[in-house]
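Everything below concerns the one structure shown next.
The values are calculated or read from the model by the stated rules, or taken from the named source; none is laboratory data. All of these numbers come straight from a predicted model, not from anything done at the bench. Here the Cβ is made from the backbone with ideal geometry for all residues, glycine too, and neighbour counts use every protein chain on show. Ligands, DNA and RNA are excluded from the accessible area calculation, which covers all protein heavy atoms including side chains. Shrake-Rupley method; radii C 1.70, N 1.55, O 1.52, S 1.80 Å.
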Amino acid sequence: SLITIRIADDIFEKANIGSAIHEGVEVEYAGLIGKNLSFTGAYTFSSLKSIDVIEGKNLPGAPAHKTYNSMTYTFLSNASLTVNHQYVGKVFLNDANSVFDDGYHLVNSVLMYKFHIRNKWELTCRANVHNILDEHYASMFQINAPSTSGGAPRYYYPGKPRSFYASVNLRFKL
C-alpha cells in the first residue's frame with residue numbers, strides 16, 4: 001500500500017508501507033413502497049489494516065462505515081420530492097491513528113416539477129437544499145498534515161454549509 005507524506009506546503013512524496021489487508025462488504029438495495037414512494041441505498045464496511053510498517057493500524061483516510069440512503073415521493077404525476085442521507089464514519093487522519101474525525105451525517109433534498117409542452121418540449125424546474133441540518137463537516141482530509149508556521153496541523157477542508165439552489169432545464173424532443 002502507498003501513503004502520502006507531505007514534505008512542505010506544496011511538496012508531497014509517496015511511500016510504500018508494505019502489505020495491507022483490505023477486507024469489507026458492500027450492500028445495495030432499492031424498492032417501492034406503494035406506487036409513489038421509492039427508496040435506494042448502499043452500505044459499505046471497510047477494514048483496511050497495515051501489516052508491515054504501521055503494523056495493526058488502520059490505514060488513514062478510509063472510514064470503516066459509509067451509508068447512502070435516498071427516498072423519493074412522486075405526486076401530481078409530474079412532481080417529486082427526494083430526500084437523501086449520507087453518513088461517513090470515523091476517519092483516522094494520521095498513520096499512528098492518534099488523530100481522527102468522528103464522521104458526519106448530511107441530509108439533502110430536491111423538489112422537482114416537469115412541465116410537458118405540446119409533446120415536444122419538457123421544462124424541468126428544481127429546488128435543492130444541501131446540508132439541511134447545517135452540519136459542520138470535513139469534505140476532504142489532509143492525511144498526515146504537518147504543522148505549518150508553528151501552528152496546529154490542518155487536517156480538514158470544511159464542507160459546504162446549508163445552501164439553496166434552483167435550476168431550470170428546457171429540453172426539446174425530436
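For the criterion of being farther than 23 Å from Arg154 by Cβ, open to solvent by 50 Å² or more (accessible area, probe 1.4 Å) and modelled with pLDDT under 95, Ser19 passes. Give the number of residues within the stretch 53-111 that are among the aliphatic types (A, V, I, L, M), in contact with an Asp or Glu (Cβ under 9 Å, 6 or more places away or on another chain) and open to solvent by less than 60 Å² (accessible area, probe 1.4 Å). Going through the stretch 53-111 one residue at a time, the tally reaches 7.
Entry remark, the stretch 41-80: residues being in a loop (DSSP other than H, G, I, E, B) and more than 30 Å from Glu122 (Cβ to Cβ) number 13 in total.
Just one of (1) open to solvent by less than 50 Å² (accessible area, probe 1.4 Å); (2) modelled with pLDDT under 95 fails for Cys125. It is (2). Yes or no: Leu37 open to solvent by 40 Å² or more (accessible area, probe 1.4 Å) and not basic (Lys, Arg)? Taking the combined requirement at face value, the residue satisfies it. Out of curiosity, is Ser38 farther than 27 Å from Met140 by Cβ and part of a loop (DSSP other than H, G, I, E, B)? Criteria not met by Ser38.
If you check Gly56, Gly103 for being farther than 22 Å from Ser139 by Cβ and either within 16 Å of the chain's Cα centre (by Cα) or modelled with pLDDT under 85 (or both), only one passes: Gly56.
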